[in-house]
Structures are given as C-alpha cells and as structure tokens.
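The structure appears below as structure tokens.
The values are calculated or read from the model by the stated rules, or taken from the named source; none is laboratory data. Being a predicted model, the structure only gives us computed values, none of them experimental. A quick note on method: Cβ atoms are made from the backbone with ideal geometry, for glycine too, and the neighbour counts reach across all protein chains shown.
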C-alpha cells in the first residue's frame, strides 16, 4: 500500500465491474484480507472517521462482497462502501475498469477562454492543472507570463478567474498566483487529528509546512504591492480550485463574485492498494489564513448571474481602488 499527498481533480468515471459469485456465500479468505486492507486505510485516514461505526462498516463490506472469490469480484462492494460514506470527494478506482469505463486519468475537463477587460483592469484566469513536472513548470511560466504582460502602473486592480477550475495540483496554482496572493501564510489543510499543514508563498515557492511543493526560479513581482483583487467562482470551481478560493479569503482589498463553489473544499490523499486499485481518500479540510474551516461549498461575497459577474467585479475594483487611494493620502491640516 502506497500513500501519496494528493489534491485531486474532480473526476467522475464509470463503475467497476460486477461480481458473479453466489451472494449467499462468505467471501474467500484472500478477499476478506483485501477488504480489511481497504477498511484499515479508511479508518486510519478518512477525514470524518470519527462519525463512522467501523464495526458495522466492516460487516456491511463483507455482506456486500458475499460470494466473491477474488478482490476483483469484491470491487462493487468497495465501491458501494465508499458511496455509503457520503463523501463525494472520496473515490475508488478499480485496477481494471469494465469495458467502456474511463481509466483514472483519461478524462480532462474543458478549459475556458479569458474574459475581455478594460485596460485599467488586470486579468488572470487560473485553470485546472495536472501533469508531469515539466508540464507543471510550463503552467507556472505561462501564468506568470500573463501577469507580466498585463501588469502596468495604471492598473486599478486584478480579476482572478477561478471559474471552471475543477482542481488538480494546487501547488503550481499557488506559485502562479503568488504575486497576487502576497508572501504570507495563505491557508491550511487540517486532518482528522487536527494536525495543520500550512500553505505559504515566498519568492516563487509554494510551501507546505516549510517544504517546497512547487517553485519557479524566475518569479514575478507586481508593480503595485497589495493590489485590489476580485475573485470569480462558479459551481465548477472544485477541489484545488476551491483551495485557491480559500487562499484569497482574508486577504486585504479582496472580494469574491459569481456563484458558490462545487463543495469539495477538502484535500485528498492517494492510496495504492495491493491489487493495483487506487483510493483517492478525503483526508483533510481546507481552512483559510484566519483558520476558518470550509469542507463545503464556498459562497461568494456577491452572488451573481454569469452575465453580471465580470461587469460587477470591474465596478467594485474601481470603487475599492478609489477608496484605498483616498485612505492612503495624507490629510490636509
């Protein structure tokens, strides 16, 4: 069994194959051992483990796997058990899906085009991202290149567009948006034991409790420090996209617009099982820099219909920029 820290993209794929064994027979010893392996992973690591009756869970798992001769024939029982947990971010991927079912990394969500904004407004869309280290590095380079291109001294503020960001790897996202987020602790992952893992951005590095998770050598620094930022979200903002939503919570001169996020503002870990199947298990809840916990859909500060979102964000940026500028001016005596 292998465990890796993982913040997953929200993927839904076909169901695993069905068992053919007689339902009235108990599972074979090898199957019982496999099911116990699954139960141990869940009980030790599941975020909401305290709310589960694990004795009853194991019994139901064995009952659902009745007649199974092999772990493969027990996969439907595991799938049903995962669904019974009621956590839509936890998923089980069979080692060999049924014919026609998508494999773990086969499907990728769409990418959305950038919005057109006035010259006094900066714009950065942060899309989902998965891939190899070179692909993640290219993602950071591309997004920080957008910052360079659009950053001018006359900007009143920035729109950060998280709509359609269905997740993936949060760390390159934090590096890419780091110049806008600022050098600070940006949020936390908190596990079932209440252990905190702090997210931080510093000079082109995304850190987890001080460990570098992603970085770029040629990081960018904005022309204006602590700019006004409008964050846009929708129901497709999920998983690591919600981590980015959380990272902007509590930041000064920041406001969110649009629709509530998907509702999986939690971190997952990847567990490889002995038969080659994979558990993507919810193991932590996201909390913002003020230690406010989420784990649910995150509502924007201003709920808006899609057509209203960008125009309203632009108006607010200009209003906030004016208020910020006036507050910074010395008073005449």
Discussion item. Looking only at segment 177-203, count every residue that is free of Cβ contacts under 8 Å to residues at least 24 places away in the same chain and either touching a strand residue (DSSP E or B) at 6+ places or on another chain (Cβ under 6 Å) or assigned by TED's automatic domain parsing to the domain that holds residue 49 (or both) and tell me the total.
Written reply: 3
Worksheet item: Taking the stated definitions as given, is residue 27 touching a helix residue (DSSP H, G or I) at 6+ places or on another chain (Cβ under 7 Å), surrounded by 16 or more Cβ atoms within 10 Å (Cβ to Cβ) and modelled with pLDDT under 90?
Response: yes
Practice prompt. Quickly run through segment 159-168 and pick out the residues that are more than 14 Å from residue 247 (Cα to Cα) and either surrounded by fewer than 17 Cβ atoms within 10 Å (Cβ to Cβ) or in contact with a strand residue (DSSP E or B) (Cβ under 7 Å, 6 or more places away or on another chain) (or both).
Written response: 159, 163, 168
Item to complete: With respect to residue 282, determine if the residue is in contact with a strand residue (DSSP E or B) (Cβ under 6 Å, 6 or more places away or on another chain) and closer than 21 Å to residue 41 by Cα.
Response: yes
Discussion item. I'd like to check something: does segment 240-260 contain any residue that is part of a strand (DSSP E or B) and either modelled with pLDDT under 95 or over 22 Å from residue 128 (Cα atoms) (or both)?
Written reply: no
Worksheet item: Quick one: would you say residue 254 is in contact with a helix residue (DSSP H, G or I) (Cβ under 8 Å, 6 or more places away or on another chain), in the same structural domain as residue 159 (by TED's automatic domain parsing) and surrounded by fewer than 21 Cβ atoms within 10 Å (Cβ to Cβ)?
Response: no
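I'm trying to understand the selection: among the residues of segment 286-306, which are outside any loop (DSSP other than H, G, I, E, B) and surrounded by fewer than 20 Cβ atoms within 10 Å (Cβ to Cβ)? Lay out the reasoning, then the answer.
The first filter runs over segment 286-306 and keeps only residues outside any loop (DSSP other than H, G, I, E, B), leaving 286-288, 293, 302-303, 306.
Result: 293, 302, 303, 306.
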Practice prompt. Only residues that are part of a strand (DSSP E or B) and out of contact with any helix residue (DSSP H, G or I) (no Cβ under 6 Å at 6 or more places or on another chain): list them for segment 268-278, please.
Written response: 268, 269, 270, 272, 278
Worksheet, complete the sentence: Of the conditions (1) farther than 17 Å from residue 273 by Cβ; (2) surrounded by fewer than 18 Cβ atoms within 10 Å (Cβ to Cβ); (3) touching a residue at least 24 places away in the same chain (Cβ under 8 Å), the single one that residue 70 does not satisfy is (1)
Worksheet, complete the sentence: Of the conditions (1) within 29 Å of residue 286 (Cβ to Cβ); (2) more than 23 Å from the chain's Cα centre (by Cα); (3) modelled with pLDDT under 50, the single one that residue 40 does not satisfy is (3)
Item to complete: Could you tell me which of the residues 219, 201 is over 26 Å from residue 319 (Cα atoms), buried (at least 17 other Cβ atoms within 10 Å of the Cβ) and modelled with pLDDT under 95?
Response: 219
